[in-house]
Amino acid sequence: MKKYSVFAVAREALRHHTGWQRAWRDAQPKKRYDAIIIGAGGHGLATAYYLGKNFGITNVAILEKGWLGGGNTGRNTTIIRSNYLQDPSAAIYEKSRSLFETMSQDLNYNVMFSPRGVIMLAQTHHEVRGYQRTAHANALQGVTTEFIGPEKVKELVPIINIDGPRYPVLGGLYQARGGTARHDAVAWGYARACSDMGMDVIQKCEVTGIRSEGGKVVGVSTNRGDIDCDKLGMVVAGHSGHLADMAGFRLPIESVALQALVSEPIKPCMDVVVMANTVHGYMSQSDKGEMVIGGGTDGYNNYTQRGSFHHIEETVRALIETFPMVSRLKMLRQWGGIVDVTGDRSPILSKTPVEGVFINCGWGTGGFKAIPGSGWAMAELMAKGRSPLTDAFGLNRFQEGRFIDESVAAGVAH
Amino acid sequence: MLILTCPNCGVTAEETEFHAHGEAHLTRFGPGASDDDFENYLFMRDNPKGVHFERWRHVYGCGKWFHAARDTVTLEMFGTYTAQTSTVPQDIIDKIAERRPEWHPPEGA
């Protein structure tokens, strides 16, 4: 693989860009791999990358039924933060956030990580107390956050209306090292690095069955033939239940559509990410100038990648009160992704009842920020059988009542 | 936008007048149940891609609960029926079978 660098750009500029290589090989499935990852989204690719980088396991295939990063990796609002309340969440999300800091150098691929700061607005007294509690918890966890007053919010976000009639801004939980990254580049960067290590990223390869013998996995059936493996990682977000069904176990997951929309591009007006959980809306400005807006999930199970129309109205109505300028914006695009929501709104990184099958799912409405940390932890879990980062996120927590209850702390905007 | 008919008061309205409450026909387990049964009842869900039976409540209408049969991929509503049943009525099963010949009713339905 040729390295990307300023010299490569200059060299290619001089020869009409004829020397660029494919970023990753168009691989064909082999008969057997040491490990197969189902799902070439961010989490699946990151898992494969760290299997190779940290544990030297490179005889790996990543199977994708559609195209690379075409699921939730390409459908989120790209927010990165780690200001969670519970210790296990803070540990894995902070690991993830810190990996984002060096990801571009690590992968030799510009993921455009922009630590521009994330503010979660407190717009009720209940939220003020909740976020002060989170700030104290973060201090103990070593995650740098602070609770800021309304004047500081106004200073950081001049376009905000802090004395809204219904929900005045009473303060905010501010994480200065949170931010955004280019979501497609995260998937592409990992895919390129995996391919470079000799792994096969196989697109348009849909898993149709999971083969096991004596309670141990031996391989998968796909629309491109059977493939054998010793270890299998399922990393497919909203479609996890479907795969678990093939393997013969159930999951505590329900799938719903979560949607987002972007406005027409405008001049720079907001250089932080703002989340308003009480009114269910969050917004940031992309480097292209579009205001990127996320809203609430649908109220009922579905797999439509579209979302209910009235949620757009609710989200935009809420944002207009807090950001009056939004009322003059035209919206360009709207889309939805299928998020896999667990009972306690925390992910599942776990062994399963089938030996050799591991599952990474349940990231719900907030998976993008967790991509590198999730891959790091999942790779350790698959290679060594346990990881300190995943211990608390096992499937058994639902039976044992050890929930990691982030639904109170994080609400819907996740 | 889903259009539902409340079997309790007969009103047909858009989904914003109702609230969905997840999978229907769960067998409830309480004190004295095994850990597996209790976990299954509280957390495990079928989450199917396709025909789904679910509980709804007519929150901005009569306020009463009912059941609905819906496709989670196409969002087609097959019909609504009373909440006072632990099985899916035959007429709903017939309606689904008419639209989805390849579909098999769940065990015990």
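FYI, it's all coordinate maths here, none of it is from the lab. Just so it is clear, the structure is predicted and the values come from calculations on it, not from any experiment. We place every Cβ from the backbone using ideal geometry, glycine too, and count neighbours over all the protein chains shown.
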ask   = What's the extension gain from residue A:108 to residue A:15 if we count 0.36 nm per residue and subtract their Cα-Cα distance?
value = 31.3 nm
key: Cysteines not pairable in chain B (beta carbon separation under 4.7 Å absent)   = B:6
ask   = How far, in nm, would the chain grow between residue A:386 and residue A:101 when pulled straight, counting 0.36 nm per residue and subtracting the alpha carbon separation?
value = 100.0 nm
inquiry  = Can I get the semi-axes of the protein assembly as shown's equivalent ellipsoid? Compute them from the C-alpha gyration tensor as square roots of 5 times the eigenvalues, in angstrom, largest first.
reply    = 35, 32, 22
Reach of residue A:351 by Cα under 19 Å, taken over lysines that are not fewer than 8 positions away in the same chain = A:216, A:231, A:384
query = Which is farthest toward the positive dipole end of chain A among A:241, A:114, A:143, measuring Cα position about the Cα centre, with Cβ charges +1 (Lys, Arg) and -1 (Asp, Glu)?
reply = A:114
request  = Within region A:146-192, report the trypsin sites (Lys or Arg not before Pro) that DSSP leaves as loop and that have at most 16 other Cβ atoms within 10 Å.
outcome  = A:166
remark   = Contour minus Cα-Cα span, residue A:2 to residue A:204, at 0.36 nm per residue, comes to 70.1 nm
note = In debye to the nearest 20, the charge dipole size for region A:168-283, taken about the Cα centre with +1 at each Lys and Arg Cβ and -1 at each Asp and Glu Cβ, equals 220 debye
query = How high is the relative contact order of chain B, given as a whole-number percent (alpha carbon pairs under 8 Å, six or more residues apart)?
reply = 23 percent
query = Hey, which of these cross-link pairs are over 20 Å Cα-Cα: A:3/A:65; A:95/A:154; A:31/A:204?
reply = A:3/A:65; A:95/A:154
ask   = For the protein assembly as shown, with only Lys/Arg (+1) and Asp/Glu (-1) charged at the beta-carbon, what is the dipole magnitude about the Cα centre, in debye rounded to 20?
value = 1580 debye
Gyration tensor verdict on region A:1-50 (Cα atoms; rounded if a/c is under 1.5, prolate if a/b is larger than b/c, oblate otherwise) = prolate
key: Of B:59, B:1, B:101, farthest towards positive along the dipole that unit charges on Lys, Arg, Asp, Glu beta carbons give chain B   = B:59
remark   = Two pseudo-spin positions, 7 Å from Cα along C-beta at residue A:287 and at residue A:124, lie apart in nanometres by 3.8 nm
request  = Please label the shape of region A:1-128 as rounded, prolate or oblate, based on the square roots a ≥ b ≥ c of the eigenvalues of the alpha-carbon gyration tensor (a/c under 1.5 means rounded; beyond that, a/b larger than b/c means prolate, else oblate).
outcome  = oblate
request  = Please give every one of the lysines within straight-line cross-link reach of residue A:330, meaning a C-alpha to C-alpha distance under 22 Å, and leave out same-chain neighbours fewer than 8 residues apart.
outcome  = A:267, A:288
note = Between residue A:206 and residues 5 or more places away or on another chain, the pairs with built amide H atoms under 5 Å apart involve A:223, A:224
Per-peptide average of other Cβ atoms within 10 Å, ordering A:306-316, B:13-23, A:44-54 highest first = A:44-54, A:306-316, B:13-23
task = Would you mind computing, in nm to one decimal, how far apart the modelled labels at residue B:3 and residue A:224 are, each placed 7 Å from Cα along Cα→Cβ?
result = 4.4 nm
remark   = Quick calc, region A:63-156, dipole around Cα centre from Cβ unit charges on Lys, Arg (+) and Asp, Glu (-), nearest 20 debye, gives 200 debye
ask   = In whole Å, how far is the Cα centre of region A:66-132 from that of region A:308-328?
value = 23 Å
note = Counting sequence-distant residues (5 or more places) and residues on other chains, those with an amide H built under 5 Å from that of residue A:162 are none
